[in-house]
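The values are calculated or read from the model by the stated rules, or taken from the named source; none is laboratory data. Just so it is clear, the structure is predicted and the values come from calculations on it, not from any experiment. Please note: Cβ atoms are built from the backbone with ideal geometry, for glycine as well, and neighbour counts cover all protein chains shown.
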Amino acid sequence: MGFSEYASYDGLGLADLVRRKEVSATDLAEEAISRIEKHNPALNAVVTKIYDRGREAAKKPASGPFEGVPFLLKDILGDLEGVPTQNGSRFLSGIPAPHDGTLTARFKQSGVVILGKTNVPECGLLPTTESALYGPARNPWNTDYSTGGSSGGSAASVAAGIVPIAHANDGGGSIRIPAACCGLVGLKPTRARNPLGPDMGDIMGGLIHEHIVSRSVRDTATMLDCTSGPELGDPYFAPPNERPFAEEVGRKTGKLRIAYSVTDTAGKKVHPECVKGIEETAKLLRDLGHEVEEAAPPLTNELLSQSFMALWAAGLALQIDGFSMLIGKQPNDNEIEGLTWGLYQAGKQVTAVQYQMAIAQLQGMSRAIAHFMERYDAWMTPTLGAPPLKIGTIDIHERDPVKAFAPIIDYVPFTAIENATGQPAISLPLHWTADGLPVGIMFAGRFGDEAGLIRLAAQLEEARPWKDKHPKIWN
């Protein structure tokens, strides 16, 4: 296969070439490795390389819809036996995972060939990907700008054509934010659609969800078929789907009723480029026969942020203290970034009553949004409140979280809502700024209705294709 041809295929396209014996899994692994070596000095997207292990895996018989497709795990929850999962933290540097995570095992069963792990911010805390351990991941559309976070290394790798799909996870937007910043498809599934075992039942009260970033809706849908479903001992699981998610791609949507918002939960209007993206997409949806109107669920900005941050900070404290117990080392502020340390200390101050109150408040909000979604098939917003940030906007060494997050107070107004409610939501690359940066448009669906989002996303992909839009750093 020629050098320029590899990235013109999505994951399923490459797997089809392998099945027809036009290329081998080894050929594809070498193509991906050559691109990592070519682009990583500029992007800093891949932080752990396991080329020899990947090459050996590529030689073995495999099956599954992604047979032989090069793949990267995220350095958070992407546990692969014998390979460190460092969470972007010096505190955890060099400690190998004792076993595969359930999701990793399911990725392997899909047929992918794992070649490395991708860059993350420490403990996944930021909507950018910058850490003291790894340094910043850079956006292939413009390397002065962030990839988004926390799955930024995965998103940069897919956007640049290094791999067609990569592992991502989402506790406040960490699949959808990088997808928006890098011009990709990013689906956060319904809560508990993908498992978190074997070590965890849920994380942060159900805020954390697992999946991938990709360049095509069909790859996103098909991988969800490969990974979804409960495992023994799960505390709860998502409603079963009527048919395979892959079969929703190209299936008729019917006439949908879609709400849209261009103001955040505090009533403040988002960046003009985000407004423009929503207006253009609303027109496209109307042209496709859907009913579109401006509306938003009844949300209180202060209640959402306070309750979410109580769970988030307490979950971080659990994470750090849990790691400490497992590795037999006390956390210290020499090995943990200032912002992480500040949030860790705040999390240790959250009482059991405050934690339970936060859960109750978010559950009340979930009911309000569920009633709103009875009237609408989807709720459309910009994924972010503004185009991608410049690298360095957030000071990761600032210990006061209020000061550290002040520059981005309006940047992430929507994505955490679906983590709190458990609804599925998908970011699609439907708009670009005048200077060529991607702007994601997000659709939230009813709880358990990834199928509806996939049908709509596939319709939009066909109507306004993004396949041939490529960043400056590509292939």
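Based on this model, can you work out whether residue 456 counts as surrounded by fewer than 24 Cβ atoms within 10 Å (Cβ to Cβ) and closer than 25 Å to residue 256 by Cα?
Values: surrounded by fewer than 24 Cβ atoms within 10 Å (Cβ to Cβ): no; closer than 25 Å to residue 256 by Cα: yes.
Considered against the rule, which asks whether it is surrounded by fewer than 24 Cβ atoms within 10 Å (Cβ to Cβ) and closer than 25 Å to residue 256 by Cα, residue 456 comes out as no.
Only one residue in 12, 92, 28, 17 is touching a Ser or Thr at 6+ places or on another chain (Cβ under 7 Å) and not β-branched (Val, Ile, Thr), so which one is that?
Details: 92 fails: touching a Ser or Thr at 6+ places or on another chain (Cβ under 7 Å); 28 fails: touching a Ser or Thr at 6+ places or on another chain (Cβ under 7 Å); 17 fails: touching a Ser or Thr at 6+ places or on another chain (Cβ under 7 Å).
Exactly one of 12, 92, 28, 17 is touching a Ser or Thr at 6+ places or on another chain (Cβ under 7 Å) and not β-branched (Val, Ile, Thr), namely 12.
Looking at 146, 151, 174, 131, which one is under 20 Å from residue 339 (Cβ atoms) and without any contact (Cβ under 8 Å) to a residue 60 or more places away in the chain?
174
Can you say whether residue 133 is at pLDDT 95 or above, assigned to a loop (DSSP other than H, G, I, E, B), of a type in the set (A, V, I, L, M, F, W, C) and farther than 21 Å from residue 380 by Cβ, as far as the supplied structure shows? Show your work before the answer.
Values: at pLDDT 95 or above: yes; assigned to a loop (DSSP other than H, G, I, E, B): yes; of a type in the set (A, V, I, L, M, F, W, C): yes; farther than 21 Å from residue 380 by Cβ: yes.
Against the criterion (at pLDDT 95 or above, assigned to a loop (DSSP other than H, G, I, E, B), of a type in the set (A, V, I, L, M, F, W, C) and farther than 21 Å from residue 380 by Cβ), residue 133 qualifies.
Can you tell me which condition residue 177 does not meet? The list is (1) out of contact with any Phe, Trp or Tyr (no Cβ under 6 Å at 6 or more places or on another chain); (2) assigned to a loop (DSSP other than H, G, I, E, B); (3) modelled with pLDDT of 95 or more, and all the others hold.
(2)
Output the residue which, of all residues in region 238-273 that are of a type outside the set (D, E, K, R) and more than 23 Å from residue 372 (Cα to Cα), is surrounded by the most Cβ atoms within 10 Å (Cβ to Cβ). Show your work before the answer.
Kept after step one, since they are of a type outside the set (D, E, K, R), are these residues of region 238-273: 238-241, 244-246, 249-250, 253-254, 256, 258-263, 265-267, 270-272.
Among the residues that remain, those that are also more than 23 Å from residue 372 (Cα to Cα) are: 244-246, 249-250, 271-272.
Values: 244: 14, 245: 26, 246: 20, 249: 21, 250: 14, 271: 18, 272: 12.
The residue in question is 245.
In region 381-409, which residues are farther than 22 Å from residue 142 by Cα and either aromatic (Phe, Trp, Tyr) or surrounded by fewer than 24 Cβ atoms within 10 Å (Cβ to Cβ) (or both)? Step through it out loud before you land on a result.
Initially, region 381-409 is screened for residues farther than 22 Å from residue 142 by Cα, giving 381, 397-406, 409.
Correct list: 397, 398, 399, 400, 401, 402, 403, 404, 405, 406, 409.
Out of curiosity, is residue 165 within 30 Å of residue 59 (Cα to Cα) and either β-branched (Val, Ile, Thr) or under 13 Å from the mean Cα position of the chain (by Cα) (or both)? Show your work before the answer.
Numbers: within 30 Å of residue 59 (Cα to Cα): yes; either β-branched (Val, Ile, Thr) or under 13 Å from the mean Cα position of the chain (by Cα) (or both): yes.
Against the criterion (within 30 Å of residue 59 (Cα to Cα) and either β-branched (Val, Ile, Thr) or under 13 Å from the mean Cα position of the chain (by Cα) (or both)), residue 165 qualifies.
So that you can scan it fast, the table gives a plain yes or no per residue for (1) under 30 Å from residue 258 (Cα atoms); (2) out of contact with any strand residue (DSSP E or B) (no Cβ under 8 Å at 6 or more places or on another chain):
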residue	(1), (2)
325	no, yes
329	no, yes
356	no, yes
367	yes, yes
375	yes, no
386	yes, yes
396	no, yes
399	no, yes
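Limited to region 169-211, what total is found for residues that are over 15 Å from residue 415 (Cα atoms), buried (at least 24 other Cβ atoms within 10 Å of the Cβ) and of a type in the set (Gly, Ala, Ser)?
1
From 416, 425, which residue is within 21 Å of residue 268 (Cα to Cα), under 16 Å from the mean Cα position of the chain (by Cα) and of a type in the set (A, V, I, L, M, F, W, C)? Steps first, answer last, please.
Values: 425 fails: within 21 Å of residue 268 (Cα to Cα).
The unique qualifying residue is 416.
Just checking, which of 15, 7, 25 is more than 20 Å from residue 155 (Cβ to Cβ), small (Gly, Ala, Ser) and touching a Lys or Arg at 6+ places or on another chain (Cβ under 9 Å)? Spell out the reasoning first.
Values: 15 fails: touching a Lys or Arg at 6+ places or on another chain (Cβ under 9 Å); 7 fails: more than 20 Å from residue 155 (Cβ to Cβ).
Unique residue meeting the criteria: 25.
So if I check each of 317, 358, 368, which one is buried (at least 21 other Cβ atoms within 10 Å of the Cβ), part of a helix (DSSP H, G or I) and of a type in the set (A, V, I, L, M, F, W, C)? Write out each step before concluding.
Numbers: 317 fails: buried (at least 21 other Cβ atoms within 10 Å of the Cβ); 368 fails: buried (at least 21 other Cβ atoms within 10 Å of the Cβ).
The match here is 358.
If the Cβ limit is 9 Å and pairs must be 6+ apart or interchain, which residue in region 436-465 that is polar (S, T, N, Q) pairs with which residue that is at pLDDT 95 or above?
Cβ pairs passing all conditions: 459/250; 459/252; 459/253; 459/288.
Pairs needed: first member in region 320-348, without any contact (Cβ under 8 Å) to a residue 40 or more places away in the chain and part of a loop (DSSP other than H, G, I, E, B); second member anywhere, surrounded by 13 or more Cβ atoms within 10 Å (Cβ to Cβ) and not charged (D, E, K, R); C-beta distance under 7 Å; at least 6 residues apart or different chains.
Once the first residue is without any contact (Cβ under 8 Å) to a residue 40 or more places away in the chain and part of a loop (DSSP other than H, G, I, E, B) and sits in region 320-348, its partners that are surrounded by 13 or more Cβ atoms within 10 Å (Cβ to Cβ) and not charged (D, E, K, R) give 330/324; 333/341.
Considering region 218-252 alone, what residues qualify as being over 26 Å from residue 10 (Cα atoms) and not acidic (Asp, Glu)?
Residues satisfying the conditions are 230, 232, 233, 235, 236, 237, 238, 239, 240.
Answer with yes or no whether residue 244 is within 30 Å of residue 195 (Cβ to Cβ), of a type outside the set (A, V, I, L, M, F, W, C) and under 25 Å from the mean Cα position of the chain (by Cα). Even if it seems obvious, please write down each step before you answer.
Numbers: within 30 Å of residue 195 (Cβ to Cβ): yes; of a type outside the set (A, V, I, L, M, F, W, C): yes; under 25 Å from the mean Cα position of the chain (by Cα): yes.
Here the answer is yes, as residue 244 does meet what is asked.
Give region 299-353 a look and list any residue that's closer than 26 Å to residue 134 by Cβ, of a type in the set (Val, Ile, Thr) and at pLDDT 95 or above, or say none.
Listed by number, the residues that qualify are 320, 336, 340.
Is it the case that region 35-45 has a residue that's among the polar types (S, T, N, Q), over 27 Å from residue 245 (Cα atoms) and crowded, with 20+ Cβ neighbours inside 10 Å? Walk me through it before giving the result.
Within region 35-45, the first condition is being among the polar types (S, T, N, Q), and the residues that meet it are 40, 44.
Next, only the ones that are over 27 Å from residue 245 (Cα atoms) stay: 40, 44.
Add one more test, that the residue is crowded, with 20+ Cβ neighbours inside 10 Å, and what stays is 40, 44.
Checked region 35-45: at least one residue is among the polar types (S, T, N, Q), over 27 Å from residue 245 (Cα atoms) and crowded, with 20+ Cβ neighbours inside 10 Å.
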